Amino acid sequence: MSALTNLTGFRGWRVGAGLLGAGATALAYGSLIERNAFTVRRFEIEALPRGMRSLRVLHISDVHLTMKQHRKVEWIRSLAALKPDFVVSTGDHLGGDEAVFPNVIRAHGPLLDFPGVFVWGNNDHFKPVPKSPTRYFTRSTASRAGQRVDLGPLATEFTDRGWLDLNNRRDALEIDGVRIAFGGVNDPHTAHDHYERIAGPADPDAAVRIGVLHSPEPRLLSPFTDDGYELLLAGHTHGGQVRVPFYGALVSNCELDPSQARWVSTWDTDAGNRSTLHVCAGLGTSPYAPVRFACRPEATLLTLTASPDSPIRSRAR
Ligand SMILES: [Fe+2]
């Protein structure tokens, strides 16, 4: 073996060891620090008719709450200080089975004092089961593995406090005499969605029409948009959960393009209609993949403002 071969092998070993060390450091950072670095994102979206006052919408998603996440519970409770006009929760409240309900109710308690709406996510319907973390990067479809959760009591806790259950339902909130119309579907990732039950032109008398769903599947974003929902709110993607700095998300964990895995973008349909899409990167992870990288856990305060030009409601649809 030549001296050059020895040198190359030594350098290769050093590069490999360096990459391994960097990976381990990133993993430790993502699981111990960033995963708990909760933050509030803020976006303004022109979505209201001219002359209307702004509305503050707190969008929370993918809490994935377990029994011991007391710090997360207290942080979510503190969001009430934002004083939103209403709250939208786009699913995956649970990181376990029915035993987690008291923690979920405690976390949401102060938020339930505000008007709100909710839909379920795949991790609400089924208790998470151990699986390879790499599965998140290789599959966009979900199995219905895991113990089924009876969501009835949790739904009752929410609706008894006034939140609207939007699982395959349409409904509306009145905020200071202004009508906000909603259409929602149950979790698409586990095929609980039934858009046909809410299909049809959205409420023409509302100031704004909002579509609510957990997994932002294109097969649903388009009918929502073509039915006249100007704003679509979703979660599920965790923003890609492990993002590559200066590149972005590698996956969305659904059929949405990873470039739209978080924050505000637009959705265009073949029929020529457009909606605004906000995907919340969410506050948690599966208990079996407890890492976030370059994608802090977040809730979002959306400020809906009036359009300075023409009312969005007049847009062709
Ligand atoms: Fe989730």
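Overview of values
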| quantity | calculated |
| --- | --- |
| In sequence order, calculated HN-Hα J values of the range 100-117 (Karplus, 6.51, -1.76, 1.60; Hz; x Gly/Pro) | 7, 3, x, 5, 5, 5, 5, 4, 8, x, x, 6, 6, 6, 9, x, x, 9 |
| Hits among lysines - C-alpha to C-alpha of LYS127 under 18 Å, sequence gap 8 or more where chains match | LYS68 |
| ASP150, ASP124, ASP193, ranked by accessible area, largest first (probe 1.4 Å) | ASP150, ASP193, ASP124 |
| Separation of alpha-carbon centers, the range 170-226 and the range 52-115, rounded to whole Å | 20 Å |
| Rounded to the nearest 10 Å², the accessible area of ASP203 at probe 1.4 Å | 30 Å² |
| Accessible area of the range 166-312 divided out per residue, in Å², using a probe of 1.4 angstrom | 35 Å² |
| The range 63-116, accessible area per residue, ligands and nucleic acids excluded (1.4 Å, Å²) | 36 Å² |
| In Hz, Karplus ³J(HN,Hα) per residue of the range 243-255 (6.51, -1.76, 1.60; θ = phi - 60°; x = Gly, Pro) | 9, 8, x, 6, 10, x, 6, 8, 9, 10, 6, 7, 7 |
| Charge dipole magnitude, Cβ of K and R +1, D and E -1 - the range 59-138, Cα centre, debye nearest 20 | 320 debye |
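The values are calculated or read from the model by the stated rules, or taken from the named source; none is laboratory data. The structure displayed is predicted, hence computed values, not measured ones. Note: ideal-geometry Cβ built from the backbone for every residue, glycine included; neighbour counts use all protein chains shown. What goes into the accessible areas is simple: the full protein's heavy atoms, side chains included, and nothing from ligands, DNA or RNA. Shrake-Rupley method; radii C 1.70, N 1.55, O 1.52, S 1.80 Å.
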